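Below is one structure; the comments refer to it alone.
The values are calculated or read from the model by the stated rules, or taken from the named source; none is laboratory data. Here the structure is a predicted model, which means the values were calculated and not measured. When we count neighbours, we look across all protein chains shown, and the Cβ atoms used for this are built from the backbone with ideal geometry, even at glycine.
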Amino acid sequence: MTYLITFACYGAHLHGDEAGSVDRQHNKPGSRAISADPGRVKLEHRLMNQPPYIMDQARRDAVLASLVERSLQRGWDLLAAHVRANHVHVVVVAEVAPERIMNDLKSYASRFLNRLELDTPDRKRWARHGSTRWLADADRVVAAIRYVVEKQGDPMAVYVAAGQRC
């Protein structure tokens, strides 16, 4: 199976934000995102017990290295990855559930950052869940790789597997 997996940094996409978000009631394929709600954003911000996590270049590079390393360790075929200041996109081929992949990558990236002492171990880095999309055919895989590599704005920390085309 090939997946497009996206996960955000802690505090990056609060429910009710104008950019759009989903919650448990708005997380079905084809369902609408949560409408903008400044009051909900303020409430969610007050509930945070740490500031939002923003990755500088050193952290982005470390997270990218962790994604490549963990995929290799697990035998997953990492096709593309882009680590942005406040979120991560991955296109990966694996024979396990995408939620397991996402959770494993987030945990491993945190351990990697801890080893490098870029943050304290108690630092919240990732939002609770993320997006996991199955890519049903080769055209969707190519489109996802293009989206991850070319459609995110200026490149920050990017990986493309040898032989992959955008």
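Taking the criterion of being aliphatic (A, V, I, L, M) and more than 15 Å from the chain's Cα centre (by Cα), the residues of the range 127-166 that qualify are LEU135, ALA136, ALA138, VAL141, VAL142, ALA143, VAL160, ALA161, ALA162. LEU64 - would you say it is closer than 22 Å to GLU150 by Cβ and touching a Phe, Trp or Tyr at 6+ places or on another chain (Cβ under 7 Å)? So LEU64 fits the description; yes. If the condition is being of a type in the set (Ser, Thr, Tyr) and at pLDDT 90 or above, then the range 28-71 contributes TYR53, SER66, SER71. Of all residues in the range 106-123, exactly one satisfies the criterion of being touching a strand residue (DSSP E or B) at 6+ places or on another chain (Cβ under 9 Å) and among the basic types (Lys, Arg), namely LYS106.
Filtered by the rule that a residue be under 13 Å from PHE7 (Cα atoms) and either in a strand (DSSP E or B) or free of Cβ contacts under 8 Å to residues at least 40 places away in the same chain (or both), the range 58-84 gives ALA81, HIS82, VAL83.
Answer yes or no as to whether TYR147 is more than 21 Å from ALA58 (Cβ to Cβ) and not polar (S, T, N, Q). Against the criterion (more than 21 Å from ALA58 (Cβ to Cβ) and not polar (S, T, N, Q)), TYR147 qualifies. Within the range 54-112, the only residue that satisfies the criterion of being β-branched (Val, Ile, Thr), within 13 Å of CYS9 (Cβ to Cβ) and surrounded by fewer than 18 Cβ atoms within 10 Å (Cβ to Cβ) is ILE54. Residue count for the range 113-143 satisfying the condition of being crowded, with 19+ Cβ neighbours inside 10 Å and closer than 17 Å to SER71 by Cα: 1.
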